[in-house]
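What follows is a set of notes on a single structure, which appears directly below.
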Amino acid sequence: MSILNADLHCHSVVSDGTLVPEELAARAAANGVELWALTDHDEIGGQHRAAAAARAQGMKYLTGTEISVTFAGETVHIVGLGFDPDDAAMKQGLTATRGGREGRAREMAEQLARVGIHGAYEGALQFVGNPELISRTHFARFLVETGVCKETSEVFRKYLIEGKPGYVPHRWASLQHAVRWITQAGGAAVIAHPARYKFTANEEYALFTEFKAHGGQAVEVVTGSHTAAEAVRYAETAREFGLAASRGSDFHSPEESHTDLGKLPYLSGELTPVWELLADRIQ
Ligand code: AMP
Ligand code: MN
Ligand code: MN
Ligand code: MN
């Protein structure tokens with residue numbers, strides 16, 4: 001069951017990806033993906049299209065999203081899988097989480113203007129597929145297009161991370177709420193790309209402990225954001241906390257993403273794959 005080409009993390013134009021759900025489904029299927037989930041940031045507006053596209057491509061499908069959470073002063077991402085996409089509390093929670101993005105984007109643009117980068121709000125909007133989901137990625141694409149930086153990772157490094165001129169601190173959903181929305185809608189909550197957070201060992205321990213206490217069930221072990229050594233390390237963490245494991249590329253765009261859909265190492269056979277917990281939610 002671990003030897004399954006599952007890709008349970010990627011983004012479409014409904015958040016900060018550049019492909020529509022149908023293009024992602026076709027690309028995933030061409031790369032041999034057998035079980036797929038589209039996990040747009042704080043959004044489930046693409047779920048019905050993605051599920052239909054998966055069916056048309058002969059892939060199995062799990063509903064997905066990636067919720068922005070603030071924990072210990074840091075942004076943490078919690079992936080939800082296999083929930084009911086029509087669940088009212090889930091939809092309301094995600095709408096509230098998206099709510100702060102526009103004001104944050106306007107502040108980002110004001111701060112960038114102070115360092116001589118003008119028109120960034122309108123510029124970023126040109127790259128936005130979903131007006132409720134303007135993200136740092138859209139600003140990064142604008143700064144690349146205008147020649148300020150060569151690639152999006154350089155924009156983040158120079159302008160969009162903490163301590164840099166375009167960074168605006170933001171309070172997202174709580175860990176407890178995000179896990180509750182997902183689990184009460186019948187899904188499994190998954191800690192996304194744990195190696196990406198700048199936590200101390202104590203903070204990381206607290207994240208896993210509280211996540212588990214709130215009913216979280218899994219952690220991403222094999223992801224486009226982890227090195228092989230990090231995958232080994234979080235396989236160990238999954239065992240330590242009694243969590244299932246997930247696998248996902250976090251694909252956003254053919255031009256920007258270095259890990260393509262489905263092109264990842266398999267999960268180790270000693271781990272419980274998250275899709276085993278969600279057998280009855282697979283479409
Ligand atoms: P936001 O939700 O608006 O804070 O934007 C977060 C998104 O920015 C992530 O989901 C990634 O897609 C992207 N991102 C974050 N850090 C980087 C980075 N260093 N390089 C490129 N993209 C990044
Ligand atoms: Mn993203
Ligand atoms: Mn993420
Ligand atoms: Mn992601």
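The values are calculated or read from the model by the stated rules, or taken from the named source; none is laboratory data. Since this is a predicted model, take the numbers as computed values, not measurements. Here Cβ is always computed from backbone atoms with ideal geometry, including for glycine, and neighbour counts include all displayed protein chains.
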*asked:* Looking for something modelled with pLDDT of 95 or more, within 16 Å of ligand 3 (Cβ to nearest atom) and touching a Pro at 6+ places or on another chain (Cβ under 8 Å) - is there at least one such residue anywhere in the range 69-78?
replied: no
*Looking at (1) within 16 Å of ligand 1 (Cβ to nearest atom); (2) within 23 Å of His177 (Cβ to Cβ), which is the only condition Ala206 fails?*
(1)
*asked:* Quick check on the range 239-263: of everything there that is within 16 Å of ligand 3 (Cβ to nearest atom) and over 19 Å from Ala188 (Cβ atoms), which residue is surrounded by the fewest Cβ atoms within 10 Å (Cβ to Cβ)?
replied: His258
*State whether one or more residues within the range 173-180 are part of a helix (DSSP H, G or I) and surrounded by fewer than 18 Cβ atoms within 10 Å (Cβ to Cβ).*
yes
*Can you name the residue in the range 35-58 that is under 15 Å from His9 (Cβ atoms) and away from ligand 4 (no atom under 16 Å from the Cβ) and, of all such residues, is farthest from the chain's Cα centre (by Cα)?*
Ala54
*asked:* Can you list residue pairs whose Cβ atoms sit under 6 Å apart, with the first residue in the range 89-107 being farther than 11 Å from His170 by Cβ and touching a residue at least 60 places away in the same chain (Cβ under 8 Å) and the second being small (Gly, Ala, Ser) and surrounded by 20 or more Cβ atoms within 10 Å (Cβ to Cβ)? Count only pairs 6 or more apart in sequence or on different chains.
replied: Met90/Ala185
*Hey, does the range 32-40 have a residue that's within 14 Å of ligand 2 (Cβ to nearest atom) and touching a helix residue (DSSP H, G or I) at 6+ places or on another chain (Cβ under 8 Å)?*
yes
*Mind checking which pairs have a first residue in the range 220-235 that is farther than 20 Å from Thr272 by Cβ and polar (S, T, N, Q) and a second that is surrounded by 15 or more Cβ atoms within 10 Å (Cβ to Cβ) and modelled with pLDDT of 95 or more, Cβ under 8 Å, 6 or more apart or different chains?*
Ser225/His193; Ser225/Ala195; Ser225/Arg196; Ser225/Asp250; Thr227/Ala195
_Anything in the range 126-146 that is crowded, with 16+ Cβ neighbours inside 10 Å and free of Cβ contacts under 8 Å to residues at least 24 places away in the same chain? List them, or say none._
Phe127, Val128, Ala140, Arg141, Phe142, Val144
*Subset of the range 46-66 [more than 16 Å from ligand 1 (Cβ to nearest atom) and either of a type in the set (Asp, Glu) or part of a loop (DSSP other than H, G, I, E, B) (or both)]*: Gly58, Met59, Leu62, Thr63
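Conditions tested, residue by residue: (1) closer than 19 Å to Thr259 by Cα; (2) out of contact with any Lys or Arg (no Cβ under 6 Å at 6 or more places or on another chain); (3) buried (at least 18 other Cβ atoms within 10 Å of the Cβ).
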residue: Leu4; (1), (2), (3): yes, yes, no
residue: Ser12; (1), (2), (3): yes, yes, yes
residue: Thr18; (1), (2), (3): yes, yes, yes
residue: Arg27; (1), (2), (3): yes, yes, yes
residue: Glu34; (1), (2), (3): yes, yes, no
residue: His41; (1), (2), (3): yes, yes, yes
residue: Gly46; (1), (2), (3): no, yes, yes
residue: Ala51; (1), (2), (3): no, yes, yes
*asked:* Any residue that is within 16 Å of ligand 2 (Cβ to nearest atom), modelled with pLDDT of 95 or more and not in a helix (DSSP H, G or I) - is there at least one of those in the range 103-112?
replied: no
